[in-house]
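Quick notes on the structure that follows.
Please treat every number below as a calculation from the coordinates, not as lab data. Just so we're clear, the structure is a prediction, and the values are computed from it rather than from any experiment. Here the Cβ positions follow ideal geometry from the backbone for every residue, glycine too, while neighbour counts run over all protein chains shown.
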Amino acid sequence: MSGLGVTLLDGGMGRQLARMGAPFRQPEWSALALMEAPETVQAAHEAFIAAGAEVITTNSYALVPFHIGEDRFAARGLDLADLSGRLARRAAAGAPARVRVAGSLPPLFGSYRPDLFQPERAPEIAEILVAGLAPHVDLWLAETQSSIGEAAAAAAAVAGHGKPLWISYTIEDERPEPGAPRLRSGEPAAAAVRAALDLGAAAVLFNCSQPEAMGDAIAAAVRVVGNAGSAARIGVYANAFPPQPEDAAANDGLSDLRADLDPDSYLGWIRRWAGLGASLVGGCCGIGPEHIARLRAALPDLAAATAR
């Protein structure tokens, strides 16, 4: 954590790799660069560190059968997870100041699709990711979780590893109900935050939803955490996508990016979220090093906002 009271996360790995000219296509998404040009993955991490990120996330989001296929996951899943951890750790080790590495535990059966979740199969997939990442990470980040069940499976997978767990949920943003934020599963965000605390999460975040959906979720998290007397931190890292429909799937194609979320505009959203109580801030898909650098320059103001 920075001395200013706000911790700066990195941005979206997949789109950054694509911008850098790394191998990138569906359905492999960000895993393709890991398999074909791992040096670009380390370079992407280093770009976010140079921009000011204090926590970088391993490029393991797409290392699931949903993206790389059953056969390739069975043959290479463990080695690729290990590689993603080693590349992130190598980038962090070269930083002038301490940078922590978060091990990404993704949705195991597709982003935004809680209906595809298979609780009986989740442990065998998660076990491979955890085994490959564990030697290299400082904390676990179960991200883009669309349901409480997904988050519970991630928590079970890392139980006993002795490292902090952060749980990050994705919020329904196609038809949000003002004042009543819900996960993409339809479960209330407040119930999801309570579940995360019960699962032992050291932080509860919201990610991979459009900025307009995040404020109510953060406010709900602040209330739940406060009522529980918990020390859990609250965070947010939005994407630059337009609202995603209920039947969206992460490997259907490349979503367009919004033109209005330039670094200054995104900083405006971060200021609002910091004022609500978020102290872990960064970006998801489409948020690049230039956005993180703008947040870094504004850290004193963001810290002041969280203190109010």
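Rounded to the nearest 20 debye, the dipole magnitude of segment 7-307 is 860 debye, with +1 charges on Lys and Arg beta carbons, -1 on Asp and Glu beta carbons, and the Cα centre as origin.
In segment 1-97, taking the dipole from charged Cβ atoms about the Cα centre, the farthest positive-side position among L78, V55, H67 is held by V55. Rounded to whole numbers, the Karplus 3J(HN,Hα) couplings from phi for segment 18-35 are 4, 5, 7, x, 6, x, 7, 6, 8, x, 6, 6, 6, 5, 5, 5, 4, 7 Hz, using 6.51 cos²θ - 1.76 cosθ + 1.60 with θ = phi - 60°, and x at Gly and Pro. First measure r as the distance between the Cβ atoms of D301 and A159, then evaluate 1/(1 + (r/R0)^6) with R0 = 51 Å and state the FRET efficiency to the nearest 0.05. Calculated value: 0.85.
Close amide H contacts of I171 (hydrogens built in the peptide plane, cut-off under 5 Å, sequence separation of 5 or more or a different chain): N207, S209. Would the chain count as rounded, prolate or oblate if I go by the C-alpha gyration tensor, calling it rounded below 1.5 in a/c and otherwise prolate when a/b exceeds b/c, oblate otherwise? Rounded, because the longest to shortest axis ratio a/c is under 1.5. For the chain, a Gaussian network of Cα nodes joined below 10 Å ranks L129, L183, L199 by mean-square fluctuation, and the top entry is L199. The simple Förster model, with R0 at 25 Å and r as the Cβ-Cβ distance, assigns R175 and D71 a FRET efficiency of 0.05.
For the chain, modelled as a GNM whose springs connect Cα atoms under 10 angstrom apart, the maximal fluctuation among G186, G268, G162 occurs at G162. Beta bridges assigned by DSSP with both partners in the chain are antiparallel in approximately 10 percent of cases.
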